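What follows is a set of notes on a single structure, which appears directly below.
Please treat every number below as a calculation from the coordinates, not as lab data. Predicted model only: the values in this text are computed from it and were never measured. In this analysis, Cβ positions are derived from the backbone assuming ideal geometry, glycine residues included, and neighbour counts consider all displayed protein chains.
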Amino acid sequence: MMKRFTIADLAAWKKAGKRWAMLTSYDSVTASVFDGAGVPVLLVGDSAGNNFLGHENTIPVTLEEMVSLARAVVNGSKEALVVADFPFGSYEKSESQALETGIRFLKEAKVHAVKLEGGVRVVEQVKALVKYGIPVMGHLGMTPQSVNAFGGFKVQGRDSQGDAILADAKALEAAGCFAIVLELVPAELAERITRELSIPTIGIGAGAKCDAQVLVWTDLMGLTPKPPKFVRAYRDLRSEMSAGVKEWLADVESGKFPSESESFN
Ligand code: KIV
């Protein structure tokens with residue numbers, strides 16, 4: 001049996017100054033591709049809302065949907081540590097609500113860790129999860145579940161706001177988080193937080209000085225029509241897939257597909 005990466009590996013990499021990457025996945029097929037390519041951490045992000053389920057943002061995503069997607073990602077991977085996002089409404093009310101959600105993810109989806117958004121305001125939830133053996137990843141900066149409060153997808157932590165994000169990061173570390181995502185924050189702030197914490201920071205739109213980087217896979221592979229500024233698309237899958245489908249359509253219409261060798265006697 002293959003051994004999966006663990007949160008102990010991530011802690012060791014922070015000490016050794018080794019950089020690493022996390023990538024989203026929402027299904028078993030992409031999970032097996034990314035796992036096979038060597039991505040050590042797969043995030044079943046609630047970004048499934050806008051990148052997989054067709055919603056405008058992450059807010060409508062349900063716990064049922066996330067558990068089902070997370071189970072597929074675990075099933076499709078062999079070596080990656082799989083982290084599942086707590087969807088909006090599944091942890092804010094109380095420690096016991098967060099604990100119930102965490103237990104569902106570990107028992108039903110078999111994930112290895114969970115992620116939730118917020119700083120000081122979710123510290124009690126983080127403590128309860130960690131107490132019962134559920135590793136927690138934090139998420140600060142432009143937290144998409146609060147997009148309505150932020151008035152859009154805007155950089156967070158400019159000027160004096162930065163001190164509050166640093167305080168949130170320290171509170172999450174003290175509560176037992178094993179890593180923290182920093183989304184859409186100034187590079188200088190991300191660098192400072194990375195320097196002051198002993199747990200890894202994972203940046204997205206947070207500059208190059210975080211310990212790790214995360215991207216949404218559909219952005220990375222060029223499936224998103226208008227990706228944000230911080231994205232670098234390494235392939236143009238939208239054009240590739242569209243060209244392949246058009247070729248197949250034409251072959252079906254002209255009778256070139258299927259051939260004799262693709263048929264049965
Ligand atoms: O849901 C998600 O994919 C995320 C990443 C963008 C960090 O939270």
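Give the angle, between 0 and 90 degrees and rounded to the nearest 10, that separates the Cα long axis of helix 187-196 from the longest principal axis of the Cα atoms of the chain. Between helix and principal axis, roughly 60 degrees. Full extension of the chain between ASP27 and THR6 yields a length gain of 5.5 nm, computed as 0.36 nm times the residue separation minus the alpha carbon distance. Counting 0.36 nm for each residue step from ARG158 to LYS209 and taking away their Cα separation leaves a gain of 16.7 nm. With a simple spin-label model that places each label point 7 Å from the Cα along the Cα-to-Cβ direction, the separation between ARG235 and ASN75 comes to 2.3 nm.
Taken over the C-alpha atoms, segment 1-150 has Rg and Dmax values of 14.7, 46 angstrom.
Only Cα pairs under 8 Å and 6+ residues apart enter the sum, and on that basis the relative contact order of the chain stands at 15 percent. Applying Stokes-Einstein at 20 °C and 1.002 mPa s to the Kirkwood radius of segment 63-103, computed over alpha-carbon pairs, gives a translational diffusion coefficient of 193 µm² s⁻¹.
Here the label points at SER261 and VAL120, each 7 Å from Cα along the C-beta direction, are separated by 6.8 nm in the simple model. Considering helices alone, the calculated mean residue ellipticity of the chain at 222 nm is -11500 deg cm²/dmol, with DSSP H runs of length four and up weighted by -39500 (n - 2.57) and normalised per residue.
Dividing the radius of gyration of the alpha carbons in the chain by their Kirkwood radius gives 1.02 for Rg/Rh. Between 0 and 90 degrees, the angle of helix 7-16 with respect to the longest Cα principal axis of the chain falls at about 70 degrees. In loop segments of segment 178-265 as defined by DSSP, the trypsin sites (Lys or Arg not before Pro) with at most 13 further C-beta atoms inside 10 Å of their C-beta are LYS229, ARG232, ARG235, LYS256. At full extension, ASP251 and VAL130 could sit 38.0 nm farther apart than now, given 0.36 nm per residue minus the alpha carbon distance.
Considering only DSSP beta bridges with both partners in the chain, what is the antiparallel share in %, to the nearest 5? That works out to approximately 5 percent antiparallel.
Dividing the convex hull volume of the alpha carbon atoms of segment 1-80 by its residue count gives 106 Å³ per residue.
What is the helix-to-structure angle for 63-76, meaning the angle in degrees between its Cα long axis and the longest Cα principal axis of the chain, kept from 0 to 90 and rounded to the nearest 10? Taking Cα atoms only, the helix is inclined about 70 degrees.
Each peptide in 6-18, 114-126 gets a packing score, the mean of other Cβ atoms within 10 Å over its residues, and the list from highest to lowest is 114-126, 6-18.
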